Amino acid sequence: MGFGTDIKSLLWHLIGGTRGGKTRAKIINELRERPFNPNQLSENLDLDYKTITYHLRKLEENGLIESDGEDYGKMYSISEKLESEIDVFEDIWQKINKQNKGNN
């Protein structure tokens, strides 16, 4: 995608620069607690299963989450790459939330 190893730019693109960013951030926050499968995330976040799997795929393609297992048993967790830079995610998420509150 052209972001290289610059996690800040990558997170701004995936979280702050797209319509699905809020959903992706919610998924990351859930996965910070423990690994989940798509069905569990769908129930926890009250979102459609296909929506969850789409965003999981985008997050995994960009190295922010990892999966283990196959099919419906596949579990997702945040990657070491994201874990090591979680403060960057938190900063971006906080700024986005602050902007959204200012727009209401």
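Values quoted throughout were computed directly from the atomic coordinates according to the rules given, and no laboratory measurement underlies them. Remember, predicted model here, so these are calculated numbers, not experimental data. Positions of Cβ are backbone-derived with ideal geometry, glycine not excepted, and every protein chain shown enters the neighbour counts.
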Projected onto the charge dipole of the stretch 29-96 (+1 at Lys/Arg Cβ, -1 at Asp/Glu Cβ, origin at the Cα centre), which of LEU47, ILE92, ASN62 gives the Cα projection farthest towards the positive end? LEU47
Using the count of nearby Cβ atoms within 10 Å as a rough guide to exposure, how do TYR76, TYR49 rank from fewest to most? TYR49, TYR76
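For the stretch 29-96, what Kirkwood radius comes out of the mean inverse Cα-Cα distance, in Å?
Computed over the stretch 29-96, the radius equals 12.4 Å.
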CD proxy at 222 nm, helix term only [per DSSP H run n ≥ 4: -39500 (n - 2.57); per residue of the chain; nearest 500]: -17000 deg cm²/dmol
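Give me the extension gain from ILE86 to ASP68: residue separation times 0.36 nm, minus the current Cα-Cα distance, reported in nm with one decimal. Provide the component values of the computation, followed by the final result.
Numbers: separation 18, 0.36 × 18 = 6.48 nm, distance 2.09 nm.
So the chain would gain 4.4 nm between ILE86 and ASP68.
For ASN29 and ASP48 in one chain, what is 0.36 nm times their gap in residues minus the Cα-Cα distance, to one decimal in nm? Write down the numbers at each step before the final one.
Working: separation 19, 0.36 × 19 = 6.84 nm, distance 1.75 nm.
Result: 5.1 nm gained on full extension.
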